[in-house]
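What follows is calculated from the coordinates using simple rules that are stated; it is not laboratory data. Everything numeric here is computed off the predicted structure, so don't read it as measured data. So basically every Cβ, Gly included, is an ideal-geometry build from the backbone, and we count neighbours across all protein chains shown.
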Amino acid sequence: MNEQVSIPRTSEWTDRDGIVKRIDIPAPIAMLAELTHRCPLACPYCSNPLELEGARGELSTDEWISVFGQAAALGVLHLHLSGGEPAARRDLVELTAAAAKAGLYTNLITSGIGLTEKRIAELSEAGLDHLQLSIQGATPDLADKVGGYKGGYDRKIAVAEWTHAAGIPLTVNAVCHKQNMDQIGDMLDLAVRLGARRIEIATVQFHGWAEKNRKALMPTKEQVLSTNALVDEARKWLEGIIVIDYVPADHHSTYPKACMGGWGRTGLNVTPSGKVLPCHAAESIPSLAFETVRAMPLADIWYDSDAFNAYRGDSWMAELCRSCERKAIDFGGCRCQAMALAGDAAATDPVCVRSPMRQLLVEQAEIDSRAEPPEFVYRGH
Ligand code: SF4
Ligand code: FES
């Protein structure tokens, strides 16, 4: 793995009000490379932007390899190869080998569709360190319905077995919502049966496409409370067998999560065409413009671009957060959620119990959760 120790760099910039800002910026730890937006699945909670990038605009093999080298030189340790479906890239094995050669820890985040036994063996040979496989439910009927892809469940089971056989550590990812939350216990059993070392259960987030499916996806309070209790219990009985990471529903938590570990603090995303974003949903903030690796070195974008500096430090914060003792813990929550729910990316995240918008949010979630689930509006490609 890349062992370069990176010293924080002091950056100076002038904000929109003409005030000079100076801040120590550490190197990023992780980079998410969205190799493509192409994807065979059509999940109703897809987190890709509403405007997808087409195959013709994607970075070439050489361009991605250059980005991986720049990331390693910048101090990035973990590379997440993601999409869309990264297996849709024919050069996936070549890209993985180049990333491993650059000293990056490589993690493939995949639906499994497009992977074969042979390709998984090649990825292992290329140096793939870890594979994260999404599951949409514990039964074929529900899983295929949620993913909008017939036969997907069976393929995933096969991919998990091939991954295990190739000696690649496996994590199972499950987005949970109204229609599959009652299967969480069965999904835990499935992950254990598949030989996963970790399962990530994340409650659906309502920005982007998921917003179109609020009534179909919003879990009820009873579902959230029983899942919280189940996860607490399961962590005890599965200790030493599988690690459970759980992201509970925002509006049933007291405080927001420290999204991305804070804006421009620990990680960055590169889109299929090379735009560099502080988080996967950052393009939902219309006031920001994003630089691309086709025009600017990655390190300059990380340290000096306006988009990354927009929400660093605390001077951008609303007064509620700026004088709050938790601002160094959650950094005011999620900028994209503030944009989606409050119409202002610099607002206190409305899921915070101290936000004046919180009550409204909880009431709307309650209404959506009680609604008879309509048909999914599937992600189109
Ligand atoms: Fe976090 Fe802001 Fe809420 Fe304080 S007021 S807990 S900093 S979101
Ligand atoms: Fe963009 Fe949270 S998703 S800051």
Could you tell me which of rounded, prolate or oblate describes the range 188-303, using a ≥ b ≥ c as the square roots of the eigenvalues of the alpha-carbon gyration tensor, with rounded for a/c under 1.5 and, failing that, prolate when a/b is larger than b/c and oblate otherwise? prolate
Which semi-axes, in whole Å and largest first, does the equivalent ellipsoid of the range 255-381 have when worked out from the alpha carbon gyration tensor as the square roots of 5 times its eigenvalues? 28, 22, 10
Once the Cβ-Cβ distance between Ala55 and Ala158 is put in as r, and R0 is 25 Å, what FRET efficiency do you end up with, to the nearest 0.05? 0.45
Per residue of the range 48-59, in order, report the coupling 6.51 cos²θ - 1.76 cosθ + 1.60 (Karplus, θ = phi - 60°) as ³J(HN,Hα) in whole Hz, putting x for Gly and Pro. 5, x, 4, 8, 8, 8, x, 4, 5, x, 5, 4
Run down the lysines and flag those whose C-alpha is under 21 Å from the C-alpha of Lys275, throwing out any fewer than 8 positions away in its chain. none
Write down the percent of antiparallel bridges among all DSSP beta bridges whose residues are both part of the chain, to the nearest 5. 20
Can you pull the one-decimal nm distance between simple spin-label points at Lys21 and Glu63, each 7 Å off the Cα toward Cβ? 2.8
Too long at a 20 Å Cα-Cα cut-off: which of Lys156/Lys221; Lys156/Lys236; Lys257/Lys327? Lys156/Lys221; Lys156/Lys236
Can you tell me the relative contact order of the chain? Whole percent, Cα pairs under 8 Å, sequence separation 6 or more. 19
What share of Cα pairs, in percent, lie more than 19 angstrom apart in the range 1-144? 59
I'd like the FRET efficiency for Arg370 and Trp237, computed as 1/(1 + (r/R0)^6) with the beta carbon distance as r and R0 of 35 Å, rounded to 0.05. 0.65
Highest mean packing first, using Cβ neighbours within 10 angstrom, the peptides 150-161, 88-99 sort as 88-99, 150-161
For the chain, what is the mean residue ellipticity at 222 nm derived from helices alone (per DSSP H run of n ≥ 4: -39500 (n - 2.57); sum divided by total residues; nearest 500 deg cm²/dmol)? -9500 deg cm²/dmol
Tell me, what does the Kirkwood hydrodynamic radius of the range 92-207 come to in angstroms if you use every pair of distinct C-alpha atoms? 14.6
Taking H placed 1.01 Å from N in the peptide plane, check which residues at least 5 places from Ile23 or on another chain put their amide H under 5 Å from its amide H. Ser11
Kirkwood radius from Cα pairs of the range 31-105 plugged into Stokes-Einstein at 10 °C, 1.306 mPa s, gives D in µm²/s equal to 123
HN-Hα J couplings of the range 175-189 from phi, Karplus 6.51/-1.76/1.60, θ = phi - 60°, integer Hz, Gly and Pro as x? 7, 10, 7, 3, 8, 10, 5, 6, 9, 4, x, 5, 5, 4, 4
Provide, in order from the shortest bin, the percent of all Cα-Cα pairs of the chain in each 10 Å bin, continuing until the bin that contains the maximum pair distance. 5, 23, 32, 28, 11, 1
Relative intensity, log₁₀ I(q)/I(0), of the range 234-286 from a Debye sum that treats every alpha carbon as a point, q = 0.17, 0.19, 0.28 Å⁻¹: -0.77, -0.85, -1.06
Would you compute the Debye intensity of the range 183-253 from its alpha-carbon atoms alone, equal scatterers and no solvent, and pass along log10 I(q)/I(0) at q = 0.13, 0.17, 0.20, 0.22 Å⁻¹ to two decimals? -0.42, -0.68, -0.87, -0.99
Given the options Ile241, Pro256, Ala340, identify the residue whose Cα lies farthest towards the positive end of the charge dipole of the range 234-378 (+1 on Cβ of Lys, Arg; -1 on Cβ of Asp, Glu). Ile241
Using θ = phi - 60° and the Karplus curve 6.51 cos²θ - 1.76 cosθ + 1.60, what whole-Hz ³J(HN,Hα) does each residue of the range 82-99 get, with Gly and Pro shown as x? 9, x, x, 10, x, 5, 5, 7, 5, 8, 4, 5, 4, 5, 5, 4, 5, 5
